[in-house]
Amino acid sequence: MQGIPRPALFSVIRVFRSSQSRSKIRCKNRVGGSGLRAMLQPMNDYERVARIIRLLDERQREQPSLDDLAAAAGLSGSRLHRLFVEWVAITPKDFLQCLTLQHAKAALHRGSSVLDAALDSGLSGPGRLHDLCVTLEAATPGEVKSGGAGLEIVWGMGPTPFGNCLLAEAPRGICHLSFVDAHTRRAATGFEGPNASDDCEIRKAWPKAVLRRDDAAMSERLDWMFDAKPGASNRNLRAWVRGTEFQIRVWRALLEIPRGGLASYGQLAKSIGRPKASRAVGAAVGSNSLAWLIPCHRVIRETGAIGGYRWGAGRKRALIAWETSALATA
């Protein structure tokens, strides 16, 4: 497979964002999203690629041809091929290979090697996510008890390559990141006005904090977080989470799994010195409130089966395929 320069995804996304007439259907037509109305409306290039990734995931056993994919995108075969390579950095055929069980098992082996090394050296350093170094800080017992009293948490919605996200940041770091589809939007934000209601996820975690919505600021933050390119200088990001001591240990272990690598629940349990605690590790992985930054999508079953994901199994497969395919072309 020939190496292909990574695309500047967000330079294109920013152009789309400025076009309000086309961005109205963006939420329902991204990777992991759905909606009949979006499927019936004209697509821009980004939405075509998102549809093809979903189609490849849903029909991977059928091995859809380039003509089938082109028909779904409303393009010629040659045009789709060029567009897909521009956005994803590999061909549709190679991306499809990254969704297979054999590919997952190979990535599982890579992740195992790294976790074994981490077990020998200790899980003390910041996790590396492409050029983004994530340092995980745990909320103190006093901060948890106070419910965030005296804190201002800025939150907002913004687009990413894998769907709209809800991002929240406190003075000590990012405290929430989740993918939000149409059917989960109310659960995440409470409602779509300028304030968050009492039943939103952030309010439940920090009931006494002042929540201020700023979509523009959080969209820029998301751009910065997802726009990572091989060879770029390191960028540091602080994440601030509330959790038990055990959960924090599991989340720090997740940060040790490299991009393009996967780990099983058993391997993760071993890496924190609790080899018989796979079930408890699975529960801690599932309670992660920082999608993608704490890469719980990189944990799969021992058999190589992808398994479930809080933000959708289809999105999990797409995230894994995107990361592993980028590694193959780097």
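Distant-in-sequence amide contacts of Trp292, defined by a placed amide H-H separation under 5 Å and a gap of 5 or more residues or a different chain, comprise His297. Sorting Leu222, Leu262 from the fewest to the most surrounding beta carbons within 10 angstrom yields Leu222, Leu262. Extension gain, Arg212-Ser76: 0.36 nm per intervening residue step, less the Cα-Cα distance, totals 44.4 nm.
Listed values for the range 211-221 are Karplus-derived 3J(HN,Hα) couplings in whole Hz (6.51 cos²θ - 1.76 cosθ + 1.60, θ = phi - 60°), namely 9, 10, 8, 8, 5, 5, 5, 6, 5, 5, 5, and x replaces Gly and Pro. Note on Ala280 and Glu220: the model spin-label points, each 7 Å out from Cα along the C-beta direction, lie 4.4 nm apart. Among Phe179, Phe226, the order by Cβ neighbours within 10 angstrom, fewest to most, reads Phe226, Phe179. Sequentially through the range 64-79, phi angles give Karplus couplings (6.51, -1.76, 1.60; θ = phi - 60°) of x, 7, 4, 5, 4, 5, 5, 4, 5, 8, x, 10, 6, x, 5, 5 Hz, Gly and Pro residues having no value and appearing as x. Scalar couplings 3J(HN,Hα) for the range 282-291, obtained by applying the Karplus form with A = 6.51, B = -1.76, C = 1.60 to θ = phi - 60°, are x, 5, 5, 4, x, 8, 4, 9, 10, 4 Hz; x denotes Gly and Pro.
The numbers here are math on the coordinates, done by the rules we state, and not lab data. Everything numeric in this text was worked out from a predicted model, so none of it was measured. FYI the Cβ positions are ideal-geometry reconstructions off the backbone, even for glycines, and counts take in every protein chain you see.
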